[in-house]
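The values are calculated or read from the model by the stated rules, or taken from the named source; none is laboratory data. No experiment lies behind these values; they were computed from the predicted model shown. With ideal geometry, Cβ positions are generated from the backbone for all residues, glycine too; neighbour counts draw on all protein chains shown.
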Amino acid sequence: MRTYSLALLALGLASAAHAQSADFAITGAKVYIGDGKVLDSATVVVKNGKIDSVSTDAAPAGLTAIDGKGKVLYPGFIDAYSTRLTKTPPNPSTDGKPDIGVEAPPYMWIGNHKGIYSDFPSAPNLDFDKDTSAWDSGITAALVIPRQGSIRGAGAVINILPAAEKDARVLDDSFGFGMSYRNGGGEGYPSNILGVIALMRQTLADAKSLAEGANLAKPDDKTPWKKALEDLKPLVTGQKPAVFELNMDREIARTFHIADEFGFKFMVAGGRDAYKMIPDLKARQIPILYTLDNLIEPSVEPDKADTDPADVTPIEYKKERHDRWEEQINGIADIAKSGLPFAFGTSSAPAQYLESIRGFIKHGLDKDLALRAMTINPATILGVQSKLGTIETGKLASLVLMSGEFTDEKSKVERVWVAGKPVVEPKKEGGK
């Protein structure tokens, strides 16, 4: 009886595994390859989670065929900067504070490392099961960076798959280090931008000294402060870039100096004022991961008549604020045309992904450049262009089937596959 039960169990597991990696073909859809090529009606065959062929032939016999006639197929969209999908790093311990009247340790006490989380990498700290807000926007992969701190742990490039598919999630478990000029929250040092920069520079200087062989502690010292510095070695030795949250032009200018001082390269995440710095950014070919949570259009409507006079916002100020917004949103087209590596990220707002990009297109962003910034550009910037970014033989079958062109506000995401696995499917009758 036991043998019979185990046999049934094995059969069930085999069937489940087969269902998860079922082969299929999408037929008759308009296909945007992702590199500028468009096929008006094509068949895309998926086998073992990868694209097996793209042609104008009929679907091979024996495969499940999905009718794409009248629909549009895109490569899965890639979120070039997301801060939503990891756990929050713990605050440093305040135990063991040294008595500086007795000893003068050659390193900063760990309790003063507020906002320094370089020893908290993204890949082992992913914290989501299903990400329907991303899938419903056609997003199938992302660069994930911890949200908190001035120096954050290593980012990860991931397939946005359910937790049950954890072995297929991570494409790169160590892509750069998140950085920002935020202090990481809480009270005490550092409490302002001067303190944040001072702590950042001290941490980078210590990490660089340690990487160069300085004896900052006993060789067998395993304290958290030392690990945080050791983990920064790929950054301060130029092996990995910083992914730096920067919106104001003065922040970008400041980061040029810090990057030069400590010998690392960086990418701009955010990028609201990057259009003002295009010549300087082009000189270094710095990638722009433009986040979509920046640009909510400000109102120019007068305040209500019953508003307390002390709370009334002058209409002149509202118009000036709107003019500044208009300049910023028009600047996105300038960045895209500049030749800089350019991609879109959501930061924390994937639900507005398509709506925001459509808004940029209305303000002058070329739709083909926009599509590249959603697909092949982020794949290339993140180093996964051999797996993602275009619909080509051998790449992962991360695909988005829409009812129409992505630029049309009436178009809907109907189906999404991540590495061949369906994560969005049409609802059955009755909404189930």
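Observations, loosely collected:
- Matching helices (runs of 4 or more DSSP H) fully within region 337-423 where at least 2 residues are in contact (Cβ under 8 Å) with a residue 40 or more places away in the chain, over 20 Å from Arg169 (Cα atoms) and assigned by TED's automatic domain parsing to the domain that holds Gly271: 353-362, 367-374
- For beta carbons closer than 7 Å, sequence separation of 6+ or different chains, a first residue in region 316-330 that is of a type in the set (A, V, I, L, M) and a second that is in a helix (DSSP H, G or I) and surrounded by 14 or more Cβ atoms within 10 Å (Cβ to Cβ), the qualifying pairs are Ile329/Phe360.
- Taking the criterion of being crowded, with 22+ Cβ neighbours inside 10 Å and over 15 Å from Thr203 (Cβ atoms), the residues of region 236-270 that qualify are Val243, Glu245, Leu246, Ile252, Phe266, Met267, Val268, Ala269, Gly270.
- Qualifying residue in region 75-82 (condition: touching a residue at least 12 places away in the same chain (Cβ under 8 Å) and surrounded by fewer than 17 Cβ atoms within 10 Å (Cβ to Cβ)): no
- Residues in region 276-301 that are out of contact with any Ser or Thr (no Cβ under 6 Å at 6 or more places or on another chain) and assigned to a loop (DSSP other than H, G, I, E, B): Gln285, Ile286, Pro287, Asn294, Leu295, Ile296, Glu297, Pro298, Ser299, Val300, Glu301.
- Among residues of region 246-275 being of a type in the set (Gly, Ala, Ser) and part of a strand (DSSP E or B), the one that is farthest from Gly176 (Cα to Cα) is Gly270.
- Checking Pro350 against (1) within 22 Å of the chain's Cα centre (by Cα); (2) at pLDDT 95 or above, the condition it does not meet: (2)
- Hits in region 280-326 (condition: under 30 Å from Ile145 (Cβ atoms) and among the aliphatic types (A, V, I, L, M)): Leu281, Ala283, Ile286, Ile288, Leu289, Leu292, Leu295, Ile296
- Scope region 23-52; condition closer than 19 Å to Asn377 by Cβ and of a type in the set (Gly, Ala, Ser); matching residues: Gly34, Gly36
- Residue count, region 390-406 (criterion: farther than 14 Å from Leu371 by Cβ, in contact with an Asp or Glu (Cβ under 8 Å, 6 or more places away or on another chain) and among the hydroxyl-bearing types (Ser, Thr, Tyr)): 2
- For Ile278, the stated conditions hold: it is touching a residue at least 60 places away in the same chain (Cβ under 8 Å) and of a type in the set (Val, Ile, Thr).
- Count - residues of region 243-258 that are over 18 Å from Tyr81 (Cβ atoms) and not acidic (Asp, Glu): 6
- Under the condition of being among the acidic types (Asp, Glu), surrounded by 12 or more Cβ atoms within 10 Å (Cβ to Cβ) and out of contact with any helix residue (DSSP H, G or I) (no Cβ under 6 Å at 6 or more places or on another chain), the residues counted in region 303-354 number 5.
- Of the strands (runs of 3 or more DSSP E) contained entirely in region 41-89, those carrying at least 3 residues that are outside the structural domain of Ser122 (by TED's automatic domain parsing), over 17 Å from Val423 (Cβ atoms) and of a type outside the set (Lys, Arg) fall at 50-55.
- Scope region 22-40; condition under 19 Å from Phe77 (Cβ atoms), among the aliphatic types (A, V, I, L, M) and not in a strand (DSSP E or B); matching residues: Ile33
- Set Lys130, Lys166: member being within 20 Å of Thr88 (Cα to Cα), in the same structural domain as Ser82 (by TED's automatic domain parsing) and part of a helix (DSSP H, G or I): Lys166
- Residues located in region 399-414, provided they are over 19 Å from Gly36 (Cβ atoms) and in contact with a Lys or Arg (Cβ under 9 Å, 6 or more places away or on another chain): Leu401, Ser403, Gly404, Asp408, Glu409, Glu414
- Residue count for region 156-181 satisfying the condition of being surrounded by fewer than 21 Cβ atoms within 10 Å (Cβ to Cβ) and aromatic (Phe, Trp, Tyr): 1.
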